[in-house]
Amino acid sequence: MSRYWSDFVHNLQPYVPGEQPKMANLVKLNTNENPYGPSPKVLEAIQLGVSDRLRLYPDPGSQELKQSIADYYKVNTANVFIGNGSDEVLGHIFHALFQHEPPLLFPDITYSFYPVYCQLYKIDYQTIPLTTDFQIDINDYLRDNGGIIFPNPNAPTGCLLGLDEIEKLLQENTDSVVVIDEAYVDFGGESAIPLTQKYPNLLVTQTLSKSRSLAGMRIGFAIGHSDLIEALVRIKDSFNSYPLDSLAQAAGVAAIRDRVYFKKTCDLVIESRDELVKGLEELGFEVLPSATNFVFTRHPDYDAAELAAGLRKDGVIVRHFQKRRIDQFLRITIGTPAENQLLLSLLDTLV
Ligand SMILES: *Cc1c(COP(=O)(O)O)cnc(C)c1O
């Protein structure tokens, strides 16, 4: 706090990310990082980039990365926007496309960064409650709005909405931008990217942080109609022309191109998820159906905050949200088979 701050900064309530503890040996199941490292080809590309060429500015448009993403998703480079993590891409989207008169709509239980961007960019919003079984019902979104955003699969529930539902929403909602945040889609969902060819108001965001094991490099992107992309470029070039450094660009290209490694690690995570769900259910936990690299789970007889504290004492951290409707849930990232086993055996002593 300082008298040099504006009233606006005094009142800002920033997003609080999951803990990144300094302590070694902690089993981190709290921020949905991939338990497997990035592709060896990514590490090679980064090493190649470590040279005296670092004195040069990187390509401001991340052209080669844009091309590799365009090739992968069979769109044009004019349909791709790249940012420093999808959080930055989302920030630019709120700034560029959601400052309208009617309120922005998003679920009551969802990614907790959305209300923070609304505060930062002074966007009026209305939250739409998930159904009693924690699903998104698109009929609840068919009302006047200045934009719609939700993750699919949703976070932190992990629940997936079918593409047919998303298309139904797009058929009805043509006057505002619809953003589908696909941070977890590679772990069991179907991407809405092909629908961007048909619906000029659809923008899909993805990240290389989760399914491509590159949270430390900060790479995210959006795909949609070139008019929407141009709005994002205008914001980017009014803020920071070089959001991705040259090492991140090289890493991103290698990650997108190594399809074999990508598929192998996604399959491993999905396999472990099925095992973990089985183990949790044997201990009496209820687990929401997950299409992500985490599970959202509660025990009918034990307090979630106490379970999280108990796990932490033994060196395992999971995420607990002090929020209405979900304060009895734990969000647990899928780890390696050994980490998942450790988690289950610790839970077995707690319940
Ligand atoms: C992790 C996550 C992001 C942000 O990803 P970064 O690319 O690491 O910034 C965005 N949306 C949701 C729903 C996420 O879980």
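Each value in this text was obtained by applying a stated rule to the coordinates, not by laboratory testing. It should be emphasised that the depicted structure is a prediction, and the values quoted were computed from it without experimental measurement. As a convention, Cβ positions derive from the backbone with ideal geometry for all residues, glycine included, and neighbour counts pool all protein chains shown.
DSSP loop trypsin sites (Lys or Arg not before Pro) in the range 136-240 with at most 11 other Cβ atoms within 10 Å of their Cβ, which ones? It would help to have the intermediate numbers written out before the result.
Details: sites: R143, K168, K198, K210, R212, R218, R234, K236; in loops: R143, K198, K210, R212, R218.
Passing sites in the range 136-240 are K198.
Between the range 60-94 and the range 123-148, what's the alpha-carbon centroid distance in Å?
Taking the Cα centre of each part, the range 60-94 and the range 123-148 sit 27 Å apart.
Give the separation of the Cα centroids, the range 1-33 to the range 286-301, in Å.
Measuring centre to centre over Cα atoms gives 25 Å.
Have a look at G189, G220, G310 and tell me which one the Gaussian network model of the chain (Cα, springs below 10 Å) gives the largest fluctuation.
Between G189, G220, G310, it is G310 that shows the largest mean-square fluctuation.
Convert each backbone phi in the range 160-165 into a coupling constant with the Karplus relation 6.51 cos²θ - 1.76 cosθ + 1.60 (shift: θ = phi - 60°), then list the ³J(HN,Hα) values in order as whole Hz, x for Gly and Pro.
9, 9, x, 4, 4, 5
Amide H neighbours of G147 under 5 Å, at least 5 residues apart or on other chains, H built in the peptide plane: list them.
It is L105, by chain and number.
Per DSSP H run of n ≥ 4, the term is -39500 (n - 2.57); total these for the chain, divide by its residue number, and report the mean residue ellipticity at 222 nm rounded to 500 deg cm²/dmol. Present the calculation step by step, with values, prior to reporting the outcome.
Details: 11 runs with 127 residues, N = 351.
Helix-only estimate at 222 nm: -11000 deg cm²/dmol.
Under a GNM of the chain (C-alpha, springs under 10 Å), which listed residue has the highest mean-square fluctuation: E165, E190, E182?
Top of the fluctuation ranking is E165.
Only Cα pairs under 8 Å and at least 6 apart count here; give the relative contact order of the chain as a rounded whole percent. Please list the in-between numbers first.
Working: 622 pairs, mean separation 83.0, N = 351.
After rounding, I find 24 percent.
Based on the Cα coordinates of the range 40-258, what is the per residue volume of their convex hull in Å³? Kindly include the intermediate steps, with their values, before the conclusion.
Numbers: hull volume 24.7 nm³, N = 219.
About 113 Å³ per residue, rounded to a whole number.
Restricting to the chain, compute how many DSSP beta bridges are antiparallel as a %, nearest 5.
Working: 16 of 32 bridges.
Around 50 percent of the beta bridges assigned by DSSP in the chain are antiparallel ones.
For the range 161-191 and the range 213-240, what is the separation of their C-alpha centers, rounded to whole Å?
Here the answer is 19 Å between Cα centres.
Provide the per-residue ³J(HN,Hα) series for the range 63-75, in order, calculated from phi with Karplus coefficients 6.51, -1.76, 1.60 and θ = phi - 60°, each as a whole number of Hz, with x at glycine and proline positions.
After applying 6.51 cos²θ - 1.76 cosθ + 1.60, I find 4, 5, 5, 4, 5, 5, 6, 4, 4, 4, 9, 6, 10 Hz.
Please compute the modelled spin-label separation between D7 and F239, points set 7 Å along Cα→Cβ, answer in nm with one decimal.
2.5
For every other residue with a beta carbon closer than 11 angstrom to the beta carbon of L160, add +1 if it is Lys or Arg and -1 if Asp or Glu, then tell me the sum. All intermediate terms of the calculation are to be shown ahead of the outcome.
Details: positive: none; negative: E165, E182, E190.
For residues surrounding L160, the net value is -3.
For the range 184-201, in order, what is each residue's ³J(HN,Hα) by Karplus, 6.51 cos²θ - 1.76 cosθ + 1.60 with θ = phi - 60°, in whole Hz (x at glycine and Pro)?
10, 4, 6, 9, x, x, 10, 5, 8, 3, x, 5, 5, 6, 9, 10, x, 9
Please arrange Y4, Y125 by counting, for each residue, the other beta carbons lying within 10 Å of its beta carbon, fewest first.
Numbers: Y4 6, Y125 19.
Fewest-to-most Cβ neighbours within 10 Å comes out as Y4, Y125.
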